[in-house]
Amino acid sequence: MSFRIFKRFSTMDLVVITMMAALGIAIKPVVTPLVQIITGPLLLPGGVVAGGFYMLWLVLGYGLTGNKTGTALLIGLVQGLIVILQPFANHGAFSLISYAAPGFAVELVYLLLKGPRSPIRAFAGGVAANLTGSFLVMTVVMRVVIWRLPLVPFLLMVLTATLAGGLGGLVAYGLLTRLQKFSVFGRK
């Protein structure tokens, strides 16, 4: 069976995709409690803020592969598969969707913007990923009916997800420029 989607990716690209997926999963249990210590007393949604930190790997991976279409989606799918195989902290088959959807959102943004080639574009990719993930978790996992949510909590979630996702995108852009400067992954 031939997997045509993989033909555009070099072996190094696939290694980067796998690394970004693993880093995104590995950082989640470390960052989430730390963020919740800060956001809890401020009554900010901790998961939404933490999402910016683990969505940055989608943007970074996209840039490290030379802005190849399909990268962020593959990172999300690999993350979903990893989570499904873990005996804890997953939502079953829905994990595939909840991890792949932010990657798909990044793909859609970068179809228009051509990748995280500037801080604004990286910011936009992070925002798209974090908003998508936040809406999915709120509506499907937490079963919040968005149109019945009072305006203030809804706006708080949207603004927090936008800011956290955008900051994650900016961190990804900073890492991307440093790694490209040192030619760590063979690209300039």
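Determine, yes or no, whether LYS28 is surrounded by 15 or more Cβ atoms within 10 Å (Cβ to Cβ) and more than 18 Å from LEU179 (Cα to Cα).
Working: surrounded by 15 or more Cβ atoms within 10 Å (Cβ to Cβ): yes; more than 18 Å from LEU179 (Cα to Cα): yes.
Against the criterion (surrounded by 15 or more Cβ atoms within 10 Å (Cβ to Cβ) and more than 18 Å from LEU179 (Cα to Cα)), LYS28 qualifies.
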Output the residues belonging to the stretch 65-119 that are in contact with a Ser or Thr (Cβ under 7 Å, 6 or more places away or on another chain), modelled with pLDDT under 95 and of a type in the set (Gly, Ala, Ser). GLY80
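Tell me the residue from LEU155, LEU175, LEU131 that is modelled with pLDDT of 85 or more, within 25 Å of PHE9 (Cα to Cα) and aliphatic (A, V, I, L, M), please.
LEU175
Yes or no: TYR110 over 22 Å from VAL31 (Cβ atoms), surrounded by 17 or more Cβ atoms within 10 Å (Cβ to Cβ) and among the hydroxyl-bearing types (Ser, Thr, Tyr)? Even if it seems obvious, please write down each step before you answer.
Details: over 22 Å from VAL31 (Cβ atoms): yes; surrounded by 17 or more Cβ atoms within 10 Å (Cβ to Cβ): yes; among the hydroxyl-bearing types (Ser, Thr, Tyr): yes.
When the stated conditions are applied, TYR110 passes them.
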Is there a residue in the stretch 134-143 that is of a type outside the set (A, V, I, L, M, F, W, C) and either outside any helix (DSSP H, G or I) or exposed (fewer than 14 other Cβ atoms within 10 Å of the Cβ) (or both)? yes
Of the conditions (1) under 20 Å from THR39 (Cα atoms); (2) of a type in the set (Phe, Trp, Tyr); (3) touching a residue at least 60 places away in the same chain (Cβ under 8 Å), TYR173 clears all except one; give me its number. (1)
Might you let me know whether the stretch 8-22 holds any residue that is touching a Pro at 6+ places or on another chain (Cβ under 7 Å), part of a helix (DSSP H, G or I) and crowded, with 17+ Cβ neighbours inside 10 Å? no
Answer yes or no: is there a residue in the stretch 114-127 that is in contact (Cβ under 8 Å) with a residue 12 or more places away in the chain, within 22 Å of ARG8 (Cβ to Cβ) and polar (S, T, N, Q). no
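The values are calculated or read from the model by the stated rules, or taken from the named source; none is laboratory data. Every value quoted in this text rests on a predicted model; they were computed, and no experiment measured them. Glycine also receives a Cβ, built like all others from the backbone with ideal geometry; neighbour counts cover every protein chain displayed.
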